[in-house]
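As structure tokens, the structure follows; a few thoughts come after it.
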Amino acid sequence: YEQAELGERQEEALAYLRAAFGRTQGGFDGRFYQLGDEPISPGPTGALPIVIGGSGEKRTPRLAGTYGDEYNPVFIAVSEVPPRVERCRAAAARAGRDPGDVRISMMGGAVVGETEASYRRNLERVAAAHPFGRSPEQVEEGLRKQGLPIGVADEALEGVAGMAEAGIERFYLQSLGPYDDDLLEETFSVLMG
């Protein structure tokens, strides 16, 4: 397929999924996909959210606002999120949806500690397990540039507050290791305040 056709297929597949999950009435009749007006059987049990993620500035937020239940901008700095959230919310309004119905989430790393000593120890541990061979300084610099939670409790919570100010409602912690219970417990303890 050509790139333009792939984009058309993706958007049409999202419209199809909204119809298949019962969020729109009357089936779906698109260029690539069709769905009759009959109920899907077996249907999904419970809520099956459509999460749309990506780093695109315009198309991804538009698709998320038009078709998604959750928008997850990825591989961008927190400072780049607000205009994308605005585009997402505007697309939802244009589609006749309540813009507040689209949850904004982000996935990323965090290295924190309850004390300076535990933060430094955790930073060393995360760097040692990093799949791309990053030094502690590189891990720290990367997370700071992205605006993600880093540092001792108060500083880390400032990062969480910055994400909330940017419009991020849910944070998915992306851990690249190590997967030690004590490290994960401390991370979640600090991030949850």
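What to note about this one:
- For region 143-193: rounded, prolate or oblate by the Cα gyration tensor [a/c cutoff 1.5]: prolate
- On Cα atoms only, tilt of 116-129 relative to the major axis of the chain in degrees: 60 degrees
- Which of Gly30, Pro178, Gly162, positive extreme of dipole for the chain (C-beta unit charges): Gly30
- Ligands, DNA and RNA left out, the 1.4 Å accessible surface of the chain is 51% carbon and sulfur atoms.
- Compared with the dominant Cα axis of the chain, that is its longest principal axis, helix 3-20 is turned about 80°.
- Cα gyration tensor shape for region 1-69, rounded if a/c is under 1.5, else prolate or oblate: oblate
- For the chain, the longest piece that avoids every one of the chymotrypsin sites (Phe, Trp or Tyr not before Pro) found in DSSP loops with at most 13 other C-beta atoms within 10 Å covers 76-131.
- Measuring with a 1.4 angstrom probe and ignoring ligands and nucleic acids, Ile168 comes out at about 10 Å² accessible.
- Multiplying the residue separation of Glu86 and Glu38 by 0.36 nm and subtracting their alpha-carbon distance yields 13.7 nm.
- The overall shape of the chain, judged from the alpha-carbon gyration tensor, is prolate: a/c is not under 1.5, and a/b is greater than b/c.
- Asp182 sits with roughly 90 Å² accessible to a 1.4 Å probe, with DNA, RNA and ligands left out of the calculation.
- Mean accessible surface per residue for the chain, computed with a 1.4 Å probe while every protein chain stays in place, in Å²: 56 Å²
- The chain - share of DSSP beta bridges that are antiparallel (%, nearest 5): 15 percent
- HN-Hα J in Hz across region 152-168 - Karplus 6.51, -1.76, 1.60, θ = phi - 60°, x for Gly and Pro: 6, 2, 4, 5, 4, 5, 5, x, 5, 5, x, 5, 4, 4, 6, x, 7
- Since only Ile150, Val81, Gly193 are under comparison, the one whose Cα sits farthest along the positive direction of the charge dipole of the chain, derived from C-beta charges on Lys, Arg, Asp and Glu, is Val81.
The values are calculated or read from the model by the stated rules, or taken from the named source; none is laboratory data. Given the structure is predicted, the values throughout are model-derived calculations rather than measurements. A quick note on method: Cβ atoms are made from the backbone with ideal geometry, for glycine too, and the neighbour counts reach across all protein chains shown. When the accessible area is computed, the model is the full protein with side chains, heavy atoms only, and any ligands, DNA or RNA have been set aside. Shrake-Rupley method; radii C 1.70, N 1.55, O 1.52, S 1.80 Å.
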